[in-house]
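The values are calculated or read from the model by the stated rules, or taken from the named source; none is laboratory data. Computed from a predicted model, the values in this text were never measured in an experiment. Glycine gets a Cβ as well: all are built from the backbone with ideal geometry, and neighbour counts include every protein chain shown.
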Amino acid sequence: MTQRLYYHDSFLYHFDAEVSEVRGTSKAALFLDRTAFYPTSGGQIFDTGVISSEDETLRVTEVADTEDGRVIHYLDAPPKSLHPGTKIHGEIDQTRRRDHMQQHTGQHVLSAAFVRLFDLHTVSFHMADDYCSIDIDTPTLTKEKIERAEREANEIILENRPIEIRFVTRDEAANLGLRKIPVADRDELRIIDIRDYDLSACGGTHVNQTGQIGCILLRKAEKVRQGWRVEFIAGQRAVATARRDYTALTETAAMFSAHIYDVPVQARKSLDEIRSLRKQHEQSLEELAEAQAAAILAGIPEENSFRLVVRAFADRDMNFLKLLAQKLTRIAPNVVALLGTTSPQPSLVFAQSAGQQADMGKLMKDALAKVGGRGGGSKDMAQGGVPNGESVSPALDGASSQIRS
Ligand SMILES: [Zn+2]
């Protein structure tokens, strides 16, 4: 068993120890007789830092619990001179540890707030590099409850209550009214006592007074399988996130020349405008296609009992071609329309009035077989994309000769 120094002092960043085992087969690692490095467990992630001897200094990149109750320190490189018995000095990355303590202790306060205010219990805790979350056992969670829990948690932080570590037996713990008792079979329990507010059994690292948490900011809340997941951040992370939010919001506000608090109203207004303009645009295109179809047909005589329209455009998209084809073949009962556009996307649309004899799908296939491209369609309407603008005219010429023959 490794002696865990962080159990008694979470602010111990420097310590001396002795190497008890060196592993260097696949991933270099060290075991020590005692350590202040925290291994990933109980939702809290591992510490990093350095381990140095008289001869070398190694970076600790990950720390984990092993099944036999020891702590394994993974290293960035295999040690050259360390062996069982070597005296080392360990140094924890303080910024990272302080951040973890702020998040983790913040979680104790937040979970306790949900219990005290609404009798809502935390079933799991997750800490990632950028945010933390708790899962709460409840079918519903309102915005009002989230905001009240956030306010209460921050009040407890402001009150700067002492946080103490106590060791008790499982029997003693049963009478203490703990918020959380672990299922593990150990007889001694480590209790984290936030004075007159929360008692829970926990093996993690915590700050000494609630004021050291700094603050708690609740973020996203969403329904998950086992209840509701509430994301939060504490301390410097909360400040950094608020700073990032402010920067994004300020940038957005500048686009609207508005105050940041008016961004939602301005964004909604813009979206409404876009929707209404899109509608107007569609209506205008419809009218344009209708008028253009009538004008085109006015100049096309009937030949062999049908009227053949062949047109290439330089700046119409496929949707407009289809709209125009639709109008052309509906205005008169005997129209065959062969349309193409060279940009933005070189394409072809072939259509005929319902009941006409030709087969537009086959005509399209034949045209594409000559110039290349992909497409197809039904007897009355077909469409296809061609490789370039230069292939549009030859494709239309070929199709019109085929129709006339
Ligand atoms: Zn804890």
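Confirm whether residue 195 is within 16 Å of the ligand (Cβ to nearest atom), in contact with a strand residue (DSSP E or B) (Cβ under 9 Å, 6 or more places away or on another chain) and not hydroxyl-bearing (Ser, Thr, Tyr).
Here the answer is yes, as residue 195 does meet what is asked.
Can you name every residue in region 351-379 that is hydrophobic (A, V, I, L, M, F, W, C) and either surrounded by 15 or more Cβ atoms within 10 Å (Cβ to Cβ) or touching a helix residue (DSSP H, G or I) at 6+ places or on another chain (Cβ under 9 Å) (or both)?
Once the filter is applied, which keeps residues that are hydrophobic (A, V, I, L, M, F, W, C) and either surrounded by 15 or more Cβ atoms within 10 Å (Cβ to Cβ) or touching a helix residue (DSSP H, G or I) at 6+ places or on another chain (Cβ under 9 Å) (or both), region 351-379 yields 351, 354, 358, 360, 363, 364, 367, 368, 371.
Residues that are on the phi < 0 side of the Ramachandran plot and within 16 Å of the ligand (Cβ to nearest atom), at least 3 per element: which strands (runs of 3 or more DSSP E) completely within region 62-136 meet that?
On the way: elements: 71-75, 87-92, 122-127, 132-136.
Fully inside region 62-136 and qualifying: 122-127, 132-136.
Hey, residue 299 hits all of (1) under 21 Å from residue 383 (Cα atoms); (2) at pLDDT below 95 but one; which does it fall short on?
(1)
Condition check ((1) part of a helix (DSSP H, G or I); (2) modelled with pLDDT of 95 or more; (3) more than 21 Å from the chain's Cα centre (by Cα)) across all residues:
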site: 204; (1), (2), (3): no, no, yes
site: 233; (1), (2), (3): no, yes, no
site: 246; (1), (2), (3): yes, yes, no
site: 250; (1), (2), (3): yes, yes, yes
site: 253; (1), (2), (3): yes, yes, yes
site: 264; (1), (2), (3): yes, yes, yes
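Checking residue 61 against (1) closer than 19 Å to residue 214 by Cβ; (2) free of Cβ contacts under 8 Å to residues at least 40 places away in the same chain: exactly one of these is not met. Which one?
(1)
For region 25-38, which residues satisfy the criterion of being farther than 24 Å from residue 98 by Cβ, assigned to a loop (DSSP other than H, G, I, E, B) and under 37 Å from the mean Cα position of the chain (by Cα)?
25, 26, 27, 28
Quick one: residue 59 ticks every box in (1) basic (Lys, Arg); (2) under 30 Å from residue 164 (Cβ atoms); (3) more than 16 Å from the ligand (Cβ to nearest atom) bar one, so which box is it?
Condition not satisfied by residue 59: (2).
For region 43-61, give me the residue count where each residue is within 30 Å of residue 232 (Cα to Cα), in a loop (DSSP other than H, G, I, E, B) and either out of contact with any helix residue (DSSP H, G or I) (no Cβ under 9 Å at 6 or more places or on another chain) or hydrophobic (A, V, I, L, M, F, W, C) (or both).
Number satisfying all stated conditions: 2.
I'd like to know if region 210-228 contains one or more residues that are within 16 Å of the ligand (Cβ to nearest atom), of a type outside the set (Gly, Ala, Ser) and farther than 14 Å from residue 110 by Cα.
Looking for residues that are within 16 Å of the ligand (Cβ to nearest atom), of a type outside the set (Gly, Ala, Ser) and farther than 14 Å from residue 110 by Cα, one finds at least one in region 210-228, hence yes.
Give the residues of region 380-400 that are within 17 Å of residue 322 (Cα to Cα) and surrounded by fewer than 16 Cβ atoms within 10 Å (Cβ to Cβ), sorted by residue number.
385 - this is the single residue of region 380-400 that is within 17 Å of residue 322 (Cα to Cα) and surrounded by fewer than 16 Cβ atoms within 10 Å (Cβ to Cβ).
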